[in-house]
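Structure, as structure tokens:
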């Protein structure tokens, strides 16, 4: 499988299908990105899932079997990674795998280009007193790396489709569509978070970025933490919900920064539906606010010749 950067896939999807607004582009890309087919974006996404995916289930299922070698451990791990918190150890547990067979499946999927590792930036816990031991709950904590899918459609398949194989083969699509409708926002959130990091770093393109990605440890999770060579720190939070973000979200991220002893150069908030008037009034050097329409920046300097070839289904 050929691996393309998420930004290349995003641009390719846009120039292949020309969605008329960025919110629609992000949502449809989170489902069909990487499939490589033209998508009629004038139709509701549920209709397209039925027409393009469910009605072509046998074709796509065969391709997924080829990509995973038909190995159940590979497929169970992909399912666990798609629906879980992306942490490798918790995915092993969810999939019923141990470090040995889980590690083998993880290595295969990584070599195949279906996933990539997002390495933790958490520092190992140390006792302030060299002669004392750490508390048991701290000592037991294992730093776990996370996993990202390299193509949105592969994650969509194992998030929503693989579970309902028998029902889909019987042409019963009710539970698939219902599950999608109930979880579509939480599902799209991860792709929105990934694209938000791309957008933030696009605006920092003149800086030398030495570290960027999400941050997590035993107590705190931050969607985006970007650090530049000159020690500027950018902290981002992303909300793919159907309401505007208000000041409470800013308070929450400031609290996280305080707990991590971080003094951010700038906080960046990314919202599907925009921001409250109170939050907009605080926008400036210390606070950047991005809504869906701001993602036009990622495609405005692109050309239609940047289309990538389809690589899920030939």
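Of the helices (runs of 4 or more DSSP H) lying entirely inside the range 83-182, those containing at least 1 residues that are at pLDDT 95 or above and either assigned by TED's automatic domain parsing to the domain that holds residue 212 or closer than 21 Å to residue 31 by Cβ (or both) are 99-112, 152-156, 165-169. Of all residues in the range 229-274, those being outside any loop (DSSP other than H, G, I, E, B) and crowded, with 16+ Cβ neighbours inside 10 Å number 19.
Number of residues in the range 214-228 that are assigned to a loop (DSSP other than H, G, I, E, B) and buried (at least 20 other Cβ atoms within 10 Å of the Cβ): the value is 2. Within the set 239, 277, the sole residue that is modelled with pLDDT of 95 or more and in contact with a strand residue (DSSP E or B) (Cβ under 9 Å, 6 or more places away or on another chain) turns out to be 239.
Return yes when residue 312 is at negative phi, at pLDDT below 95 and either in a helix (DSSP H, G or I) or touching a strand residue (DSSP E or B) at 6+ places or on another chain (Cβ under 7 Å) (or both) and no when it is not. So residue 312 does not fit the description; no. The C-beta contact set for the range 261-280 (first residue touching a residue at least 60 places away in the same chain (Cβ under 8 Å), second residue assigned to a helix (DSSP H, G or I), distance under 6 angstrom, 6+ apart or interchain) comprises 268/200; 270/196; 272/292.
The values are calculated or read from the model by the stated rules, or taken from the named source; none is laboratory data. Because the structure is predicted, anything quoted here is derived from the model rather than measured. Cβ: placed from backbone, ideal geometry, glycine included. Neighbour counts: every protein chain shown.
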